[in-house]
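Worksheet for the structure shown next.
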Amino acid sequence: MAVRRQAGVRVRLTALAVLVVGLGLVAGGAVTLTLVRDQLTGNAEVQARHQADSFVPMISSGLPAVLPPLVQVVARDGTVLGASAELAHTRLLALWPESGAVTGTSRLPDGEYHAVAGVPGSVLGQPVAVYAAVSLEHADEGVEAATTALAIIVPFLLVAAGGTTWLVVGRALRPVEAIREQVTEITASQLDRRVPEPKADDEVGRLARTMNEMLARLEEVHERQRRFAADAAHELRSPLASLRTRLEVGLAHPSHTDWVRLAVDLHRETVRLGGLTDELIVLALADGVTETVEWVDLDEVVLAEIEAVRTRAVVEVELTPFSTARLRGRSGELSRVVRNLLDNAERHARHRITVGLWSAERFAELVVADDGPGIPESDRTKVFERFFRTQRARERDSGGVGLGLAIVREVTERHGGQVWLADSAEGACFHVRLPLAEVPA
């Protein structure tokens, strides 16, 4: 089944402009013709009245044998006392001029319309009415001439309106067409290209700027995804290569291999790969909504994660200062923020982790500090990058893959908050500030 293609914006706007102008011209032409006819008819009636007024004084002493053309004298009872030859058998107007002249139109036997004016008078003391008529031929000719002129002018004006609209709309839509052509040529490997921006600050110009801003965001997301895929492949390559090498060596020398120790080592590596996979999944969903927004008691979330650390009894955890904090957010994501901060602190702490939580008027602030070696000044802006690990962490090979703090930053920013590494006398001190207002769903 063929899809019916609709007319373009240019065609529709041109047709609409022609229709509106056409209706306006027809209405205006009708009004003009009416005014022309009324004006010419009024002029004819004035002439007829003038003719009747000028004849009244001539009949006071009696009717002349021959009356002027298109003049008629009628008695009070309706008897025609005198009339010109063309009005001998026709009563011009049935109305009697009681207190002044009356006007109207009358059709004569020959079919022509006439303007009629009746003026009271008297013949030898007998009241009469004098009627005079003027042909409306000039009015008809005037209306016909105006109609002919409109018939010539209206199509010309319609063509001019349609052509002007076609050119103006085409000129206005030219930047839109340029934007469309440019967008059709942009592919995933050419997100650095931009659409042309008109100089005018109008709707089309704002559309072009919005398109370029969208392309910039898409380019940024695409570049982040590309780096993410490259970094993930790099991080997965090393443990997988290590696992394969150990298995190949064991299979090559089965009699000299401690299979129990190999199994322990492989289990440790698979656990590490499992943790890495979980964190990669979290980052892959960073731009999506995985949970609904609800009321979260952040203090209860922090206490639950601290209890897990205390169960391992590796380091001591202190709470100072610590108060309740209730906000709108995603409970699972906030739990991961607290868990990653505590895991990072536990990994680097010597003896103690300090956790603080308090609420202000518009935000809640969580602080996680450790008494470990701290983070070098040069690395403080990099620790929140994906797969970044300090040189000391790499030397210790403590199991981290450099994704925990990246997850903390992305989840915090998705909740409308911020995270930073503050100065401290010893160790590292991380601050997470979250707004108490509702975050976007």
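The values are calculated or read from the model by the stated rules, or taken from the named source; none is laboratory data. Only a predicted model underlies this, so the values are computations on that prediction, with no experimental measurement involved. Positions of Cβ are backbone-derived with ideal geometry, glycine not excepted, and every protein chain shown enters the neighbour counts.
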*Give the residue, chosen from G163, G250, that is modelled with pLDDT of 80 or more and over 19 Å from R10 (Cβ atoms).*
G250
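Each row is one residue, and each column tells you yes or no for (1) in the same structural domain as T41 (by TED's automatic domain parsing); (2) modelled with pLDDT under 75; (3) closer than 30 Å to V36 by Cβ; (4) under 60 Å from the mean Cα position of the chain (by Cα).
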site	(1), (2), (3), (4)
A75	yes, no, no, no
V80	yes, no, no, no
A85	yes, no, no, no
D110	yes, yes, yes, no
H114	yes, yes, yes, no
V119	yes, yes, yes, no
V128	yes, no, no, no
A132	yes, no, yes, no
E137	yes, no, yes, no
_Among the residues listed as A52, A94, the single one being more than 30 Å from L167 (Cβ to Cβ), assigned to a helix (DSSP H, G or I), assigned by TED's automatic domain parsing to the domain that holds V128 and of a type in the set (A, V, I, L, M, F, W, C)_ = A52
*Close pairs from region 233-257: first more than 30 Å from L403 (Cα to Cα), partner among the aromatic types (F, W, Y) and at pLDDT 85 or above, Cβ under 8 Å, at least 6 apart*: G250/W259
*Residue by residue through region 405-431, note down the ones that are buried (at least 21 other Cβ atoms within 10 Å of the Cβ) and either among the aromatic types (F, W, Y) or touching a Gly at 6+ places or on another chain (Cβ under 6 Å) (or both).*
H415, A428, F430
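Yes/no per residue for (1) farther than 15 Å from R49 by Cβ; (2) among the hydroxyl-bearing types (S, T, Y); (3) assigned to a strand (DSSP E or B):
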site	(1), (2), (3)
G78	yes, no, no
Y131	no, yes, yes
V159	yes, no, no
T164	yes, yes, no
*All but one of (1) within 18 Å of the chain's Cα centre (by Cα); (2) over 28 Å from T14 (Cα atoms); (3) buried (at least 16 other Cβ atoms within 10 Å of the Cβ) hold for L191, so report the exception by its number.*
(1)
